[in-house]
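Trainee: So that we are looking at the same thing, I have put the structure below in structure tokens.
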Amino acid sequence: MKNILRSWTGNSAQQADGATSVSVIRSDDVSKRLELLDDFEQAGISWLWATDADARLVYLSSNAAENLQKPLDELLTKPLVELFETDPDSPGGSSARPLNFQLTARNKLVDQTVRLTVGRSKHEGRQTWWSLSGTPKFDKAGQFLGYRGSAKDITVEYERQLEDSRLAEFDSLTGLANRHRMNKRLESILASYKSTNRSCALMMLDLDRFKQVNDTFGHPVGDELLKQVAKRLQRVVGHRGEVGRLGGDEFQIILPDIDDRGKLGELASKIIQMVSQPYVIEDKRATIGTSVGIAISPYDGVHKDDLIHNSDLSLYASKNGGRGQFRFYSVDLKDEAEERRIIEEDLRVALAEDKLELHYQPIVRTDDNMVVVFEALMRWTHPERGPIGPNVFIPIAEESDLILQLGEWALNRACKDALAWPSSVRVAVNVSAAQFAHSEFAETVTQALEASGLEAGRLELELTESVFMGDSETVEETFSLLKKLGIRLALDDFGTGYSSLSYLRSAPFDKLKVDRSFVDSCTLKDQNSDKIIAAIIGLSEALGMEVIVEGVEAFDQLDVVKSKGARYIQGWIYSKALTQSAIVERMKSGDFRIEPDGPERHRGERRSVFRRIGVIHDDHRYDALLRDLSKTGARIEGLLGVAVGTDLVLDLGGGQLVVCTVNRTHDSTFAVEFETPLVSDGAGGLCTRHRASPYALAAAGMKIEPGPNGKSSNVVLLNPPRTKPQFMEVAVGKMHAG
Ligand code: C2E
Ligand code: CA
Ligand code: CA
């Protein structure tokens, strides 16, 4: 303040202090006071303004008009508010009341921030910010006269403040919202959606093998990769939601108003596919993947923390499930980690005690139905749990070094077994990405060949696209070592996940296996699977590769696939995997030819299940046993008296209600067709697109009650039934479990 006074009077400190004669400006000396005011205005520290009772500008410092680049005459008599624009993105937030409101209420203005556009038009102009202070003036009779006030340009400070708050909310590397902002957004969305009963999905993403890229290529490349990931994510998500980076290689997506698990699954798959396409950074090529966990409010949590926790749990499960996958949250996930630990332990024991087996599924040449290759598939019968599929235990083994031992065991066993077959028949062994990435892998293969004495040309390795993830130098090195050995390489599951054609160009594959999912749907009219199969076959042959079509089960599929040019087929229509002794037995009878044999028509895949569910009919709820499940229907056991044509609601747990119609019955078993098909749950299972919300259930006289120890919850009817039950529950023993 002292300095301001000095600059007003033009006197220096010494003069003021040392002066003997001081001419003091007296408060009744009007002309001197005006002069003082002039000096004050000229100094440009602050400008003065005044309005009349109608809030029209009647005075403004001339240099304020200069700052605005407008003639003073043009500004005077204009309503004060017209000089300014409302400012929605002020750091003060929406809590600052609008100027107009303050003026009308005749409030005192204290450092009110307002935005102006300086220059010709709004579009060409430059944005500046003023801070406005002012006091309402009244005459002796209490009549409002107008405002008197001051203003100053605070653009520089304001923009710095804006930048600071932007930094506090956004990740400086990718420009995405940071954890802080995502938390705030989620909290406010959930709070406002709660009362309106709207849903909001939360996706949690974690990059697979990002660490390897970072370690191999260095942090600058890692940073660039994260930026590109951010761009891809934003492109896929678009306006459907907000993408944020929580830190490291963790991303999060808030998707308001989506609870359709079909759509969410499609989006998650698309995200996984987009993120997994190779990146080129400073002429280096890197490939990563991503896993996705999804939780949906209100079903999986109403509060921010619960929803985040549950989407984290599902992310964890999807990483464990073999990476490059998505998973929806379900209550069962809580036990999954423990379950996996037990399976891993038991698997170690099984390997040590030589309890694992290899079975061999034929790959047949369609010209003459001759077996040309046997693919080795691992089999394990758990002492208590019965058979456990490799789809379950291989991903668990992949989480630790156990996969290396399993893989080595399989290679050795397969090479030995193949020696007992005719020399025209090759053996194919599946190799996990983790195994392939191991520096000793080529050596392990060499030793398996030497130990067995199998000719290298009879060994094929089946690899999936995930071998390209991570360090591409080691991958290339291994490829060339393997090719030198003279073994053959097949690209497995082509068309799923990554399916980048660049892999085909960059690696020395001899053959390609079209993923089973295309065959599954190749007889359906509305899908393009048959065309895709034809395209893959055409492309591979152009590149000089053999093509195998996997998973052919029925004659209608065989016809389609053959008509599209398939020359090699693997599928149940020829044979399931056989034991070595069964093969040796059949070999005795001469050449190995298999005639196709199977159903005429392919029916949607049915999975055998053994699960208690609820059947709701009228105002009754019955307990029954789900025996098999497909996208479009189910077979249910345990109710007598169910007539064909009856409409039912199945309660599959966790609010999953399915409207269906009975289409076949047999004793206490009946089959139903669903009104709307189920969708993939990302983990090889099926789920409903939508779940009944707790609110909707309450309105229908039902509620969801957790099962024993918080497990899969069931719907219970709140009101006592008014009608007599029409069906009879019959006990079905565990004997049928298969
Ligand atoms: P994959 O390599 O794609 O093997 C083909 C799978 O499809 C096998 O499942 C096979 O039984 C099944 N399949 C073949 N034809 C048909 C058909 O017509 N219809 C149907 N529905 N399925 C058919 P499986 O034996 O359960 O193996 C699952 C996966 O586990 C394999 O998929 C492979 O990725 C992995 N796996 C199996 N054995 C090994 C192994 O020794 N090492 C490694 N790393 N992975 C293995
Ligand atoms: Ca395979
Ligand atoms: Ca396959």
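The values are calculated or read from the model by the stated rules, or taken from the named source; none is laboratory data. Just so you know, these numbers come straight off a predicted model, no measurement behind them. We place every Cβ from the backbone using ideal geometry, glycine too, and count neighbours over all the protein chains shown. What goes into the accessible areas is simple: the full protein's heavy atoms, side chains included, and nothing from ligands, DNA or RNA. Shrake-Rupley method; radii C 1.70, N 1.55, O 1.52, S 1.80 Å.
Trainee: Looking at 425, 371, 431 in this structure, which one is within 15 Å of ligand 2 (Cβ to nearest atom) and aliphatic (A, V, I, L, M)?
Mentor: Testing whether each residue is within 15 Å of ligand 2 (Cβ to nearest atom) and aliphatic (A, V, I, L, M) leaves just 431.
Trainee: If the Cβ limit is 7 Å and pairs must be 6+ apart or interchain, which residue in segment 688-706 that is over 22 Å from residue 618 (Cβ atoms) pairs with which residue that is part of a helix (DSSP H, G or I) and modelled with pLDDT of 80 or more?
Mentor: Taking only residues 6 or more apart or on different chains, the pairs are 689/261; 689/262.
Trainee: For residue 74, which of the numbered conditions (1) at pLDDT 60 or above; (2) surrounded by 13 or more Cβ atoms within 10 Å (Cβ to Cβ); (3) over 49 Å from the mean Cα position of the chain (by Cα); (4) more than 14 Å from residue 130 (Cα to Cα) fails to hold?
Mentor: Unmet condition: (2).
Trainee: Sticking with this one: So, residue 442, is that one modelled with pLDDT of 95 or more, surrounded by 14 or more Cβ atoms within 10 Å (Cβ to Cβ), part of a helix (DSSP H, G or I) and out of contact with any helix residue (DSSP H, G or I) (no Cβ under 7 Å at 6 or more places or on another chain) or not?
Mentor: no
Trainee: Check 435, 405, 447 and return the single one that is of a type in the set (S, T, N, Q), over 23 Å from residue 580 (Cα atoms) and assigned to a helix (DSSP H, G or I).
Mentor: Of 435, 405, 447, the one residue that is of a type in the set (S, T, N, Q), over 23 Å from residue 580 (Cα atoms) and assigned to a helix (DSSP H, G or I) is 435.
Trainee: Hey, among the residues in segment 534-548 that are farther than 18 Å from residue 488 by Cβ and surrounded by 20 or more Cβ atoms within 10 Å (Cβ to Cβ), which one's nearest to ligand 1 (Cβ to nearest atom)?
Mentor: 536
Trainee: Go through segment 469-486 and report how many residues are within 16 Å of ligand 1 (Cβ to nearest atom) and either more than 37 Å from the chain's Cα centre (by Cα) or not in a loop (DSSP other than H, G, I, E, B) (or both).
Mentor: The number of residues fulfilling the criteria is 2.
Trainee: Show the residue pairs that are 6+ apart or on different chains and have beta-carbon atoms under 8 Å apart, the first residue being within segment 144-155 and within 15 Å of residue 104 (Cβ to Cβ), the second being assigned to a strand (DSSP E or B) and of a type in the set (Val, Ile, Thr).
Mentor: The qualifying pairs are 146/51; 146/58; 147/51; 147/135.
Trainee: Scan segment 25-71 residue by residue and report those that are β-branched (Val, Ile, Thr) and open to solvent by less than 20 Å² (accessible area, probe 1.4 Å).
Mentor: 51
Trainee: Can you name the residue in segment 242-257 that is part of a loop (DSSP other than H, G, I, E, B) and either in contact (Cβ under 8 Å) with a residue 40 or more places away in the chain or in contact with a Cys (Cβ under 6 Å, 6 or more places away or on another chain) (or both) and is also surrounded by the most Cβ atoms within 10 Å (Cβ to Cβ) among such residues?
Mentor: Among those residues, the one meeting the criterion is 249.
Trainee: Kindly establish whether residue 385 is within 16 Å of ligand 1 (Cβ to nearest atom), closer than 29 Å to residue 290 by Cα and not acidic (Asp, Glu).
Mentor: no
Trainee: While we're looking at this one, here's another question. Read through the list (1) of a type in the set (S, T, N, Q); (2) modelled with pLDDT of 95 or more; (3) open to solvent by less than 70 Å² (accessible area, probe 1.4 Å), then give the number of the only condition that residue 234 fails.
Mentor: (3)
Trainee: Tell me, which helices (runs of 4 or more DSSP H) wholly within segment 141-221 include 1 or more residues that are touching a Leu at 6+ places or on another chain (Cβ under 9 Å) and open to solvent by less than 70 Å² (accessible area, probe 1.4 Å)?
Mentor: Fully inside segment 141-221 and qualifying: 179-196, 210-217.
Trainee: Read through the list (1) within 16 Å of ligand 3 (Cβ to nearest atom); (2) open to solvent by 50 Å² or more (accessible area, probe 1.4 Å); (3) among the hydroxyl-bearing types (Ser, Thr, Tyr), then give the number of the only condition that residue 432 fails.
Mentor: All conditions pass for residue 432, except number (2).
Trainee: Let me ask something additional. What's the number of the condition residue 572 fails, among (1) away from ligand 3 (no atom under 16 Å from the Cβ); (2) open to solvent by 30 Å² or more (accessible area, probe 1.4 Å)?
Mentor: (1)
Trainee: Specify the residue that is modelled with the highest pLDDT; the eligible residues are those in segment 608-634 that are open to solvent by 70 Å² or more (accessible area, probe 1.4 Å) and of a type in the set (S, T, N, Q).
Mentor: The extreme case among them is 632.
Trainee: Among the residues in segment 595-613, are any touching a helix residue (DSSP H, G or I) at 6+ places or on another chain (Cβ under 6 Å) and among the hydrophobic types (A, V, I, L, M, F, W, C)?
Mentor: no
Trainee: Within segment 258-278, can you find the residues that are part of a helix (DSSP H, G or I) and open to solvent by 20 Å² or more (accessible area, probe 1.4 Å)?
Mentor: Selection gives 263, 266, 269, 270, 273, 274.
Trainee: With the structure loaded, tell me whether residue 400 is in a loop (DSSP other than H, G, I, E, B) and over 27 Å from the mean Cα position of the chain (by Cα) or whether it fails that test.
Mentor: no
Trainee: Go through segment 642-690 and give me each residue that's at pLDDT 90 or above, touching a Phe, Trp or Tyr at 6+ places or on another chain (Cβ under 7 Å) and under 20 Å from residue 296 (Cα atoms).
Mentor: Result: 658, 687.
Trainee: With closer than 30 Å to residue 443 by Cβ and open to solvent by 60 Å² or more (accessible area, probe 1.4 Å) as the only criterion, which of 484, 531, 511, 562 stands out?
Mentor: Step by step, each of 484, 531, 511, 562 is checked, and only 484 is closer than 30 Å to residue 443 by Cβ and open to solvent by 60 Å² or more (accessible area, probe 1.4 Å).
Trainee: Out of segment 285-314, which residues are part of a helix (DSSP H, G or I) and open to solvent by 10 Å² or more (accessible area, probe 1.4 Å)?
Mentor: Residues satisfying the conditions are 304, 305, 306, 308, 309, 310, 312, 313.
Trainee: Given the criterion in contact with a helix residue (DSSP H, G or I) (Cβ under 8 Å, 6 or more places away or on another chain), away from ligand 2 (no atom under 16 Å from the Cβ), of a type outside the set (Lys, Arg) and on the phi < 0 side of the Ramachandran plot, identify the matching residue among 454, 489.
Mentor: The conditions single out 454.
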